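Written below as structure tokens is the structure these notes are about.
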Amino acid sequence: MTDRRPLWAGRALALIGIVLVAFNLRTAVATLSPILTELERDIALAPIVVGFLGMLPPLCFAVFAIVTPLFAKRLGLEVTLILSIVALAVGLAGRGLAGDAVWLVVASTLTFAAIGVANVLLPPLVKRYFPDRVGLLTSIYVTAMSVSTFIPALVAVPVADAAGWRISLGQWAIVAALCLVPWVTLLVHPKREAPPTLPEQAEPGLLRYAMRSPLAWALAVVFAVSGFNTYTMFAWMPPMLHDIAGTTPAEAGALLSLYAAMGLPAGLIVPIVAARYGRVRLLIAIAVTTLVVGTLGLLLVPGAVTWLWVVLAGIGPMLFPLALVLINLRTRTHSGAVALSGFVQCVGYLIVAVGPFAFGLLHEATDGWVWPLVFLLGSAVAAATGGAVVARPPYLEDERATRGARLQVDDSGR
């Protein structure tokens, strides 16, 4: 068992750095859509470009989830994170300076690529600096991510009205640049808060093994179901509620905010319950049940207590903070956390990128919302199946060793 020590003891900079980085992981996602109409007055954006911008976050998250461990192995966790923060600040500033659609797409790609790198690095950084506080630190940084979804959306339009859409988009580059302070300080003065020496990457073959690991695939499914539902609702909930429940645009926007707000208590509670009490099976059951009941409510009686169905559907993505903390709870080593984090986020975000697009295609093909909502119900079945695997306590490294031993036995018996 890891000895517990005071949270701030010898690692205050790491704590501040993790929280600041987490706060910047969703600002870029939430800042563009509220001011898209004003932006289009200056930059012509074809519908296909708008759709591509909507798919960029999960696509970039997926691609850079798989390559980030390679960067971390060569450069180290801290240096890789610092480079990603620099790229994030440049990308955010570039979006505010965009003169045409191509520039906007390029700057957005750089922005989301940087976020994709940081997504993967945060779980192993938590394991490196806070091995005794994994649940608490995961709660803190997931909550910071949730807050970073609300605040940019709230201030985007007022700032754009007062100073223009370029300031509204570009101002977040300053916030991103602030993340450099604690991490550069740690790098310049490594003795101040240096953790024990740990490998920066999985041992040879561990990432390759993750591609064959039942645990890794099950955790990727759990992670993907959360993102699939969240991104789908962010993209389609307002028009869907207008059609099926008769809500006004203002009411639909408020309900979408209510849906997003469910991420705050989940981010605070879920990692602690999973890490301290080990109640993973219970958390999976709650998430699947709320997803099913909330979606069925929207499907069968959308006009009655619509807010309740939205709240229940919003509780379901508690699978996201659960998946993040399980990356650490289901690995024995910091290097294993890097490998599992990269694999889970790569596969998960690839599925997430397809989800909202498929939901929209079903809506277009059927000219309604019944089959798209049935599609969401299917995702709950996938979460239950994957959850049954991740609820068991095997570690990735142990699973690999057991598989290797079985192969040796089979070979010797031939």
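The values are calculated or read from the model by the stated rules, or taken from the named source; none is laboratory data. Treat the numbers as computed from the prediction; the structure is a model and nothing was measured. Positions of Cβ are backbone-derived with ideal geometry, glycine not excepted, and every protein chain shown enters the neighbour counts.
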Report task. Considering (1) closer than 16 Å to Asn229 by Cα; (2) in contact (Cβ under 8 Å) with a residue 12 or more places away in the chain, say which one Thr289 fails and leave the rest. Result -> (2)
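Looking for something within 20 Å of the chain's Cα centre (by Cα) and over 22 Å from Val221 (Cβ atoms) - is there at least one such residue anywhere in segment 269-278?
Yes - at least one qualifying residue is present in segment 269-278.
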Report task. Scan segment 365-383 and give yes if some residue there is modelled with pLDDT under 90 and assigned to a helix (DSSP H, G or I), otherwise no. Result -> yes
Query raised in the report: Looking at segment 63-88, which of its residues are touching a residue at least 40 places away in the same chain (Cβ under 8 Å), closer than 27 Å to Phe228 by Cα and buried (at least 22 other Cβ atoms within 10 Å of the Cβ)?
Result: Phe64, Ala65, Thr68, Pro69, Leu81, Ile85, Leu88
Report task. Filter segment 95-154 down to residues that are in contact with a Cys (Cβ under 8 Å, 6 or more places away or on another chain), in contact (Cβ under 8 Å) with a residue 60 or more places away in the chain and among the polar types (S, T, N, Q), then give me how many there are. Result -> 0
Query - Residues (over 20 Å from Pro394 (Cβ atoms) and touching a helix residue (DSSP H, G or I) at 6+ places or on another chain (Cβ under 6 Å)) located in segment 274-298 - result: Ala287, Val288, Thr290, Leu291, Val292, Val293, Gly294, Thr295, Gly297, Leu298
Query raised in the report: Limited to segment 156-192, what total is found for residues that are at pLDDT below 80 and surrounded by fewer than 16 Cβ atoms within 10 Å (Cβ to Cβ)?
Result: 5
Report task. Please name all residue pairs, on different chains or six or more residues apart, with Cβ atoms under 8 Å, provided the first residue is in segment 309-323 and is surrounded by fewer than 24 Cβ atoms within 10 Å (Cβ to Cβ) and at pLDDT below 90 and the second residue is assigned to a helix (DSSP H, G or I) and charged (D, E, K, R). Result -> none
